[in-house]
Amino acid sequence: MTDNTVTKRPLTLLGLGDMGTALARTWLAAGHPLTVWNRTAAKAEALAAEGAAIAASPAEAVAANGLVVLCLLDDASVGSVLDGIDLTGKDLVDLTTGTPAEGRKRAAWAEARGARFVDGGIMGTPVMIGAPASGAYVFYSGSRALFDTHRAALEVPAGARFVGEDPGHAALHDVALLSGMYGLFAGISHAFALIEGEDIAPKDLAPLLSEWLGAMGFFVAAAADRLTSGDFTTGVVSNLAMQVAASGTLLRTAEEQGVSAELIGPYLELMRRRLAEDPAAHAGEDTAGAITLLKR
Ligand code: NDP
């Protein structure tokens, strides 16, 4: 493929919110002929000046190209926008955030209508789109053939990571990473609340906290190894019995500082529950053993 814009694969994008607009701009800048549709027409019109073709309806937008990308608010909006439209022979790439079950259901729905389907989970914010140094990427899963066909176009806005043919796995990877992130945010929030009102500036705690969290990042790979081997005790240097005892200090400190333990309390309780389940067996574990209690 050359840089000649005529050779760039044309595509359609449905949904021009903050994320959709960022995606659209990268395809236009890279020379991909782009047809857009948005429920609020003004957002589409803004892109006409940048070279986008504006479709008057979702049906017209879908009819324009074989590759159709969706970036709408949620799966319900995808269902309502595509309702009744002929999808025969289309390649649908759904970048709308959803659950794994929604991804699988939407894939079956699309395939029943004669389309190939790939679900996507965007790991980045609109400002990170089209900026390779930002590290933004998209998890994709579903039809490998669709992904391989359109990989070059899909890699224009952000990196692309295909995580399997199960159409639910893009959403599952996306949500797993976001869930880890919110757990981290919870700990950070609690740490800052502890020093509030003290003669410690948040900006002085920040580099210390950042450095500590970086050092504790080893736990990700260590937990994966332990979950894989089923061995939660070999080589443990911070055993569960000690950590449960120390958790009392964390809770009393929160109490002394007048800070709610609502964010860290549940994790400390999980460690306590793992120990209480079988103290003799679990005292020497690290905290990864507690993960096994979470699955219902
Ligand atoms: P916005 O709220 O900015 O835009 C939502 C889009 O969905 C708009 O185009 C809106 O149309 C459209 N929409 C909502 N409901 C309907 C409906 N019932 N029928 C037709 N169109 C509808 O959200 P973003 O663009 O930020 O997000 C889009 C997707 O990208 C979401 O699934 C989000 O989770 C995901 N995402 C967003 C990130 C972000 O940081 N922004 C990061 C990663 C993923 P209208 O303009 O008419 O309101």
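At a glance:
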| item | result |
| --- | --- |
| Table column - 3J(HN,Hα) (Hz), the range 287-293, Karplus curve with 6.51, -1.76, 1.60, x for Gly and Pro | 6, 4, x, 5, 4, 5, 7 |
| Reach of LYS203 by Cα under 17 Å, taken over aspartates and glutamates that are not fewer than 8 positions away in the same chain | GLU211 |
| Restricting the range 50-132 to trypsin sites (Lys or Arg not before Pro) in coil, as DSSP defines it, with at most 16 other Cβ within 10 Å | ARG113 |
| DSSP beta bridges in the chain [antiparallel fraction, %, rounded to 5] | 20 percent |
| Projected label distance in nm at ALA101 and LEU184, using a 7 Å step from Cα toward the beta-carbon | 2.9 nm |
| Of all accessible heavy-atom area on the range 173-293, the percent that carbon and sulfur account for (1.4 Å) | 63 percent |
| Amide H within-cut-off set for ALA53, under 5 Å, with H built and near neighbours excluded | LEU34, THR35, VAL36 |
| The range 79-169: C-alpha pair distances exceeding 18 Å, % | 42 percent |
| Whole-number accessible area per residue in Å² for the chain, which is evaluated in the context of all protein chains at 1.4 Å | 53 Å² |
| Intensity falloff of the range 173-293 expressed as log10 I(q)/I(0), Debye formula with alpha-carbon point scatterers, at q = 0.11, 0.14, 0.16 Å⁻¹ | -0.43, -0.69, -0.90 |
| Residue-span extension gain [ALA201 to SER238] - 0.36 nm each, minus C-alpha spacing | 10.3 nm |
| Table column - 3J(HN,Hα) (Hz), the range 226-234, Karplus curve with 6.51, -1.76, 1.60, x for Gly and Pro | 5, 5, 6, 8, x, 9, 9, 10, 4 |
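The values are calculated or read from the model by the stated rules, or taken from the named source; none is laboratory data. All of these numbers come straight from a predicted model, not from anything done at the bench. Here the Cβ is made from the backbone with ideal geometry for all residues, glycine too, and neighbour counts use every protein chain on show. Keep in mind that these areas ignore ligands, DNA and RNA; they rest on the heavy atoms of the full protein, side chains included. Shrake-Rupley method; radii C 1.70, N 1.55, O 1.52, S 1.80 Å.
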